[in-house]
Structures are given as C-alpha cells and as structure tokens.
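See below for the structure under consideration.
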Amino acid sequence: MPLATCKLLLHNQSNHKNNLRWQTSLVGRVARQTWPYIGKARTDALCNLSRRDCSLVVRSMTGHWLIGTHAHRLNFPYNDFCRSCRDEEEEESPEHFFCSCPALSNRRLRTLGKPFLNDLSGLSAIPPRKIALFIQSSNWTPF
C-alpha cells in the first residue's frame, strides 16, 4: 500500500475518532450545538478572522461570554433579562441572543439570513464571519 494512502487512512481514522469523542462528550453543551463536528473548512474560516472577531465568535459559541448566568457565576455585573427586548421573562443567554430575541430579528435576518433560529444548532451552517458581524451589529458587549 502506498505511503500516501496510509497517511490518508490514518488521517481519516483520527478525524472520525476525534469527532466521535467530541459528539459524545458530556461537557460543552453550547459549543457542541454550534460546532457539531470538527472540520477543516469551518476551522480555517474561524482562524482567518481577526483576533478580536475570532474571540467574539469563540466566546459566544461556547457560552463563555459575560452575559446572564455565566456572568453571574463569575461575579460580574449581569442582567436577569434580555438587554435588547427588555422582556423580563426572557433570561439573557446565548440561545435567546442567537435564536429568539425579537428585538434582534432584523439584524439576524440581515447578517445571518434568518430572522429566527430553531436552536443553537442552526449556527453550525453559518460562516463564522457572519456570526461575528451579527454580534458586532447587536451592540452587546461580550467582554
């Protein structure tokens, strides 16, 4: 068997094992929804962003930005309710921000192509550049 074929088989097997481990992990609920599999094209698109935009996307897509409950856990000032729609029934969360905030629906439509998403897994098909544009246009400060 040619060496190139061996390398390709090893590479494919490694990718398969890594993706399986990622998908069955018990941690990273938000990250697994927004990044359901490890792939070179999407990873390259993320790495090609500016450092600031890459940080925005990674923090928001992993749920590790200073909003809602996560900010509270870290003893930072936070809102109990959404700062955009001001709905006191809606907890400020990545799910609400990316998927269902009615005040952000026009921005979501312009930058992400849809006014609402069913859940965070809808972000998996959207390029990281567009996600960064949406976060910037929302005027939410994730840091």
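Structure values in brief
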read-out	value
Within the chain: Cβ-based charge dipole about Cα centre, in debye rounded to nearest 20 (Lys, Arg +1; Asp, Glu -1)	820 debye
Calculated SAXS-style log₁₀ I(q)/I(0) at q = 0.15, 0.18, 0.29 Å⁻¹ - segment 91-143, Debye, Cα scatterers	-0.33, -0.49, -1.38
Entry for mean projected area of the Cα convex hull in nm² (calculated from the structure that is shown) out of (i) 8.8; (ii) 10.1; (iii) 15.7	(ii)
Cα centre as origin, Lys/Arg/Asp/Glu Cβ charges: segment 91-134 dipole, Debye	400 debye
Sum of side-chain charges, PRO127 neighbourhood, beta-carbon under 13 Å (Lys, Arg +1; Asp, Glu -1)	+1
Computed helical MRE - 222 nm, the chain, DSSP H runs ≥ 4 contributing -39500 (n - 2.57), nearest 500	-15000 deg cm²/dmol
Relative contact order of segment 78-143, defined on C-alpha pairs under 8 angstrom at six or more residues apart (%)	23 percent
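Laboratory data are not the source of any read-out in this text; all were calculated from the coordinates shown. Worth saying up front: this structure is predicted, and the values here are computed from it rather than measured. A quick note on method: Cβ atoms are made from the backbone with ideal geometry, for glycine too, and the neighbour counts reach across all protein chains shown.
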